[in-house]
Amino acid sequence: MKTKSLYISAQEVNAGTLFVSMGMMEILKRNLHKVAFFRPIIYKKDILDGDISFILNRYELNMNYDDAYGFDIEYVENMIASHKINQLINQLITKFKKLEREYDFVLCEGIRRSFLSANINYDLNLKIAQNFGSSYINIINAKNDNAKEIYESMEIEYENILSYGCNHFATFVNRVNDEKYTQLKQKNEENSFTSYLLKEVEELGLISIKDVIESLNAKEILVSKEDYTRSIRAIKVAGLTLDNFLNYIEEDDLVIVPADRSDIILGLLGALYSTSFPNVSAIIFPFDMDTHPNIKKLILGLESFNIPLLSVKTDTYQTAQNISKIHSRIRIDSERKIALSLGLFNSSVDIKYIEEKIANSQSDVMTPLMFEYKLFELARSDKKKIVLPESSDERILRAVEIILLRDVANIILIGNEEEIIENSLRLGLDLSKATIIEHCKSELMPLFIDSFYEMRKHKGLTIQASTDAMALSNYFATMMVQLGYADGMVSGAIGSTGETIRPALQIIKTTKETSIVSSVFFMCLETKVLVYGDCAVNQDPDAKSLAQIALSSSKTAEAFGIEPKVAMLSYSTGESGTGVDVDKVREATAIVKDIDKTLLIEGPIQYDAAVNKKVASKKLPNSKVAGEASVFIFPDLNTGNNTYKAVQRSSGAVAIGPILQGLNKPVNDLSRGCLVADIVNTVAITAIQAGQI
């Protein structure tokens, strides 16, 4: 059965409604251009709904907040009490149908039944879904029930959904521990309906520093933006002397201590900088107190790392009580929890089956989010080992956690193991699944030195020079790729482009088809993805090199699902211009056509004729590329680099790259100004490239 909408509902608190909504939205945005999110009932109209705000922002949905909900609980209950249920349903249908007409798909999220008054003697979510014609997803919280009770709930809810005439899409059983998972797995496979078991992940249930700040209206004495998402595993009240209290602190504790207990505060800071004690997540002062000015001065003078400091007005006992009642939330900036959630969702459900079940007609629209999600899915489907030699950079460590949590790739970090672990703990990161190699102490070093010497001795390389080269992390990491210990490398967050490419040219070398390494950027515009080459490596390529860049770029485009229609850019179109520069482009185009007679290519051509069908119809009316180009080859680095930056800044396009091409094995370069998201995307692309060799 085809469906244009899904309705997600959970009866209980903390069942994971947003978690499932997020997983389904990932699938929808990966396959459809225009997706809407709708909550028929929200808690209060004058309070921002957290799930709506999260989904609209996270997935950049092109819709207004007011269009994303129907009515609040007070209005709904008044309508039901006035026996106007049919009028209410009609009002909701009107709002829903408007979205259904304007969007490819509508993902609906119901409200927990426990939020509604007891006099409503039917399942309002099911009644709404029935009238929307939406397929139904129900979520069961397995945390407090045994396996028998959970299975009975699954059967009862399935029959209840059918009794309302709704199409059952899937049942998600969330927060299942290992024992229940084993007991339910066999029965789950015997079900006549689609159901998925989602294991309990402790991290997702842990509150964050931001949860504490918002729930307690806590004052931020010393907190950075990066601290907001740090998890809190337990609450400790410092009522002992320092020497005794240190015996009881554990990793990621939230410590409640009066601000005048300077001994405890300094002791916890000492523990942070010590390798002998755990690192606490935060310190909170009761009674609205602050530290002594000299203690604060000392704290502010510490380099690199610090412990977040908060204060609240309540006393110690009440503060502990209030914190114990806080529920964990997934926020728009909770990248760690988001990555962990999506990793769990993707590993627990049959993505392809869900995509087929949704069965919507596809368009040729490709948004930046769709492209990014496709990258992750491609990388995840054939996981590769990617080595990152710049483990001292905080952005690298943050990106690695996201990559591991989202199951995008296996990661190898080059660096001092103790320092990497200490830094990750101080940053509140979980890098336990990453492999760490201290390259200068590695047992691979003698092999790598000998291999590099054999490769380059005809160039005059000595054993000592080979030893010195392998001491450099980029050379060691590149040799790991060459000899199969890793599938690809990503570097450049700290070093220059040359420091990334030089080892690759000396060790991995170029493919037989090309003699040069070049680069492309994926330019993600609002509704399509274009390929720009070369905007980062070759300064002034001759005609032969330009032809090789075009051929490499077309293969890269095809590898990532973009049909290559190549525009060889110049300041003139067709036969209208002359001069050295335009002749170079004309010659390069001829070389490409001679090598690959099936490739759609046009050149020389101006940018406007390459992208605009009206201009193309006048300048090159018979061209199969003009007006529809997807791959743009710039005549030199000056033109390419300036153009991609101009398009990026003026149109709001997302530029992913540079992506290196032409090497026998994938090595990619980062910009020194890269963001964490840039690193994650580049690692995903490198993993995909590795799977295509």
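The values are calculated or read from the model by the stated rules, or taken from the named source; none is laboratory data. Quantities reported herein were computed from a predicted structural model and do not represent experimental measurements. Heads up, the Cβs are rebuilt from the backbone with ideal geometry, glycines too, and the neighbour counts pull from every protein chain shown. Just the protein is used for accessible areas: all its heavy atoms, side chains included, with ligands, DNA and RNA removed. Shrake-Rupley method; radii C 1.70, N 1.55, O 1.52, S 1.80 Å.
Taking residues in the range 397-408 that are within 18 Å of LEU378 (Cβ to Cβ), and partners anywhere that are of a type in the set (Phe, Trp, Tyr), the pairs with Cβ atoms closer than 9 Å and at least 6 places apart or on different chains are ARG406/PHE376; ASP407/PHE376; VAL408/PHE376. The helices (runs of 4 or more DSSP H) found entirely in the range 144-248 that carry 2 or more residues being more than 22 Å from ARG406 (Cα to Cα) are 147-163, 178-190, 209-216, 242-245. Across the range 361-375, not a single residue is classified as within 14 Å of the chain's Cα centre (by Cα), farther than 30 Å from SER135 by Cα and assigned to a helix (DSSP H, G or I). If you filter the range 584-614 down to residues that are among the acidic types (Asp, Glu) and in contact (Cβ under 8 Å) with a residue 24 or more places away in the chain, you find that the one that is surrounded by the most Cβ atoms within 10 Å (Cβ to Cβ) is GLU602.
Annotation note: Cβ proximity below 8 Å between a residue of the range 450-464 that is under 14 Å from ARG502 (Cβ atoms) and a residue that is open to solvent by 60 Å² or more (accessible area, probe 1.4 Å) and assigned to a helix (DSSP H, G or I) (sequence gap 6+ or interchain) occurs for LEU461/TYR453.
Against the numbered list (1) within 26 Å of ASP430 (Cβ to Cβ); (2) in a helix (DSSP H, G or I); (3) open to solvent by 10 Å² or more (accessible area, probe 1.4 Å), LEU272 comes up short only at (3).
The set of residues in the range 613-634 being over 19 Å from PRO564 (Cβ atoms) and either β-branched (Val, Ile, Thr) or part of a loop (DSSP other than H, G, I, E, B) (or both) consists of VAL615, PRO621, ASN622. Could you tell me whether any residue of the range 66-82 is part of a loop (DSSP other than H, G, I, E, B) and either under 31 Å from the mean Cα position of the chain (by Cα) or not β-branched (Val, Ile, Thr) (or both)? The answer is yes; a qualifying residue exists. Of the residues examined, LYS95 is one that is surrounded by fewer than 20 Cβ atoms within 10 Å (Cβ to Cβ) and either in contact with a strand residue (DSSP E or B) (Cβ under 8 Å, 6 or more places away or on another chain) or under 14 Å from GLU109 (Cβ atoms) (or both).
It is to be established whether one or more residues within the range 13-28 are open to solvent by 40 Å² or more (accessible area, probe 1.4 Å) and under 25 Å from GLU157 (Cα atoms). Yes, the conditions are met somewhere in the range 13-28.
Checked against the criterion of being open to solvent by less than 50 Å² (accessible area, probe 1.4 Å) and touching a Leu at 6+ places or on another chain (Cβ under 7 Å), the candidates ILE235, ILE265, ILE221, ILE256 yield just one match: ILE221. Among the residues making up the range 276-301, those that are in contact with a Leu (Cβ under 7 Å, 6 or more places away or on another chain) and assigned to a loop (DSSP other than H, G, I, E, B) are PHE277, ASN279, VAL280, SER281. Among the residues of the range 256-265, the one identified as of a type in the set (Val, Ile, Thr) and over 17 Å from ASP288 (Cβ atoms) is ILE264.
Going through (1) hydrophobic (A, V, I, L, M, F, W, C); (2) touching a strand residue (DSSP E or B) at 6+ places or on another chain (Cβ under 8 Å); (3) farther than 23 Å from ILE693 by Cβ one by one, ALA477 falls short only on (3).
Yes or no, residue by residue, for (1) at positive phi; (2) β-branched (Val, Ile, Thr); (3) modelled with pLDDT of 85 or more; (4) open to solvent by 30 Å² or more (accessible area, probe 1.4 Å):
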residue: ASP315; (1), (2), (3), (4): no, no, yes, yes
residue: GLN318; (1), (2), (3), (4): no, no, yes, yes
residue: GLN321; (1), (2), (3), (4): no, no, yes, yes
residue: ALA339; (1), (2), (3), (4): no, no, yes, no
residue: PHE345; (1), (2), (3), (4): no, no, yes, no
residue: ILE354; (1), (2), (3), (4): no, yes, yes, no
residue: GLN362; (1), (2), (3), (4): no, no, no, yes
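Residues of the range 197-209 being touching a residue at least 40 places away in the same chain (Cβ under 8 Å), of a type outside the set (A, V, I, L, M) and surrounded by fewer than 19 Cβ atoms within 10 Å (Cβ to Cβ), which ones? Of everything in the range 197-209, those that are touching a residue at least 40 places away in the same chain (Cβ under 8 Å), of a type outside the set (A, V, I, L, M) and surrounded by fewer than 19 Cβ atoms within 10 Å (Cβ to Cβ) turn out to be LYS199, GLU200, GLU203, GLY205.
Residues in the range 141-151: is at least one under 26 Å from PHE38 (Cβ atoms) and at pLDDT 90 or above? Yes, the conditions are met somewhere in the range 141-151. In the range 468-505, the qualifying residues are those that are crowded, with 16+ Cβ neighbours inside 10 Å and among the hydroxyl-bearing types (Ser, Thr, Tyr), and the one that is nearest to the chain's Cα centre (by Cα) is SER491. The set of residues from the range 199-234 being among the hydroxyl-bearing types (Ser, Thr, Tyr) and out of contact with any Asp or Glu (no Cβ under 7 Å at 6 or more places or on another chain) comprises SER208, SER215, SER224. Number of residues in the range 249-264 that are part of a loop (DSSP other than H, G, I, E, B) and in contact (Cβ under 8 Å) with a residue 40 or more places away in the chain equals 4. If the condition is being at pLDDT 90 or above and among the acidic types (Asp, Glu), then the range 533-577 contributes ASP534, ASP540, ASP542, GLU558, GLU563. Can you pull out the residues in the range 623-676 that are of a type in the set (D, E, K, R) and surrounded by 24 or more Cβ atoms within 10 Å (Cβ to Cβ)? If the condition is that a residue be of a type in the set (D, E, K, R) and surrounded by 24 or more Cβ atoms within 10 Å (Cβ to Cβ), then ASP669 is the only one that fits. If you go through the range 317-342 and keep only what is among the β-branched types (Val, Ile, Thr), assigned to a loop (DSSP other than H, G, I, E, B) and touching a strand residue (DSSP E or B) at 6+ places or on another chain (Cβ under 7 Å), you end up with just ILE326. Once the range 583-619 is narrowed to residues that are among the charged types (D, E, K, R) and within 12 Å of PRO635 (Cα to Cα), the residue that is farthest from the chain's Cα centre (by Cα) is ASP583.
Taking ALA550, is it hydrophobic (A, V, I, L, M, F, W, C), within 27 Å of the chain's Cα centre (by Cα) and surrounded by 17 or more Cβ atoms within 10 Å (Cβ to Cβ)? Judged against the criteria, ALA550 is not a match. Residues that are open to solvent by 60 Å² or more (accessible area, probe 1.4 Å), touching a helix residue (DSSP H, G or I) at 6+ places or on another chain (Cβ under 6 Å) and part of a helix (DSSP H, G or I) were ranked within the range 433-465; the one that is nearest to ALA409 (Cα to Cα) is TYR453. Total residues in the range 33-60 satisfying the condition of being in a loop (DSSP other than H, G, I, E, B) and open to solvent by 10 Å² or more (accessible area, probe 1.4 Å): the figure is 10.
Let's see how each residue does on (1) closer than 30 Å to LYS95 by Cβ; (2) open to solvent by less than 50 Å² (accessible area, probe 1.4 Å); (3) hydrophobic (A, V, I, L, M, F, W, C); (4) touching a strand residue (DSSP E or B) at 6+ places or on another chain (Cβ under 6 Å):
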| residue | (1), (2), (3), (4) |
| --- | --- |
| ILE156 | no, no, yes, no |
| CYS166 | yes, yes, yes, yes |
| PHE169 | yes, yes, yes, yes |
| LYS187 | no, no, no, no |
